[in-house]
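The values are calculated or read from the model by the stated rules, or taken from the named source; none is laboratory data. Keep in mind that what you see is a predicted model, and the values were worked out from it rather than measured. Ideal geometry is used to build each Cβ from the backbone, glycine not excepted, and the neighbour counts take in all protein chains shown. These accessible areas exclude ligands, DNA and RNA; they are computed on the full protein's heavy atoms, side chains included. Shrake-Rupley method; radii C 1.70, N 1.55, O 1.52, S 1.80 Å.
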Amino acid sequence: MDRRDKINYYLDLAQAVAHRSTCLRRYYGAVIVQNDQVISTGYSGAPRGRKNCCDLNRCIRDELKVPRGERYELCRSVHAEANAIISASRNDMIGGTLYLVGLEPDGSYVPDANSCSMCKRLIINSGIEHVIIRDTVDDYRIINVKKWIDDDESLDGTLGY
């Protein structure tokens with residue numbers, strides 16, 4: 001039996017969480033891990049008590065043809081990273097890792113998936129040290145959150161998507 005490496009194991013968990021997403025556009029799942037212990041999970045979906053896009057059967061950003069990475073204020077969803085962060089204690093997240101998987105509706109991986117600028121700020125303030133993002137079933141990128149601090153896209157006008 002081939003044993004799955006630890007990083008892909010946690011990415012597999014994030015991918016399973018992504019299947020709970022209620023967004024019609026993309027399915028994201030996040031898992032926060034500290035010292036080999038899952039601290040929290042989150043998926044993209046409307047705030048508790050509000051109707052989800054999948055229940056309404058409409059996405060306002062799709063209807064307005066808003067490109068990926070723009071006009072998130074129109075979106076009903078709370079992002080997977082944000083949901084994972086608000087479900088955890090900051091003390092548990094300091095020095096931890098956030099695993100992130102984005103899926104297209106057809107099941108393929110979101111190309112060049114990344115956290116939006118708002119989620120980057122939340123991740124920075126949470127104390128998480130690394131974000132690992134799945135590119136394929138076995139391939140991923142490891143991002144040192146300090147790079148997001150040092151390369152502050154809010155100073156140069158780029159959004160960093």
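Of all residues in the range 135-161, those satisfying the criterion of being more than 19 Å from ILE94 (Cα to Cα) and at pLDDT below 95 are ASP151, ASP152, GLU153, SER154, LEU155, ASP156, GLY157, THR158, LEU159, GLY160, TYR161. Just so you know, in the range 98-130 the residues that are surrounded by fewer than 16 Cβ atoms within 10 Å (Cβ to Cβ) and of a type in the set (S, T, N, Q) include one that is nearest to ALA84 (Cα to Cα), and it is ASN125. Residues in the range 61-94 that are among the β-branched types (Val, Ile, Thr) and open to solvent by 60 Å² or more (accessible area, probe 1.4 Å): ILE86, ILE94.
Tell me which of these ILE132 doesn't satisfy, since it passes every other one: (1) modelled with pLDDT under 95; (2) under 12 Å from the mean Cα position of the chain (by Cα); (3) more than 23 Å from PRO47 (Cβ to Cβ). Result: ILE132 fails condition (1) only. Checking each residue in the range 8-55 for being touching a residue at least 60 places away in the same chain (Cβ under 8 Å), open to solvent by less than 40 Å² (accessible area, probe 1.4 Å), more than 13 Å from ASN83 (Cβ to Cβ) and not polar (S, T, N, Q) picks out TYR10, LEU11, ARG25, VAL33.
Residues in the range 23-33 that are of a type outside the set (Val, Ile, Thr) and not in a loop (DSSP other than H, G, I, E, B): TYR27, TYR28, GLY29, ALA30.
Each row is one residue, and each column tells you yes or no for (1) in contact with a Phe, Trp or Tyr (Cβ under 6 Å, 6 or more places away or on another chain); (2) more than 22 Å from ARG134 (Cβ to Cβ); (3) among the polar types (S, T, N, Q).
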{"position": "ARG4", "(1), (2), (3)": "no, no, no"}
{"position": "LEU13", "(1), (2), (3)": "no, no, no"}
{"position": "ALA30", "(1), (2), (3)": "no, no, no"}
{"position": "VAL33", "(1), (2), (3)": "yes, no, no"}
{"position": "ASP55", "(1), (2), (3)": "no, yes, no"}
{"position": "CYS59", "(1), (2), (3)": "no, yes, no"}
{"position": "VAL66", "(1), (2), (3)": "no, yes, no"}
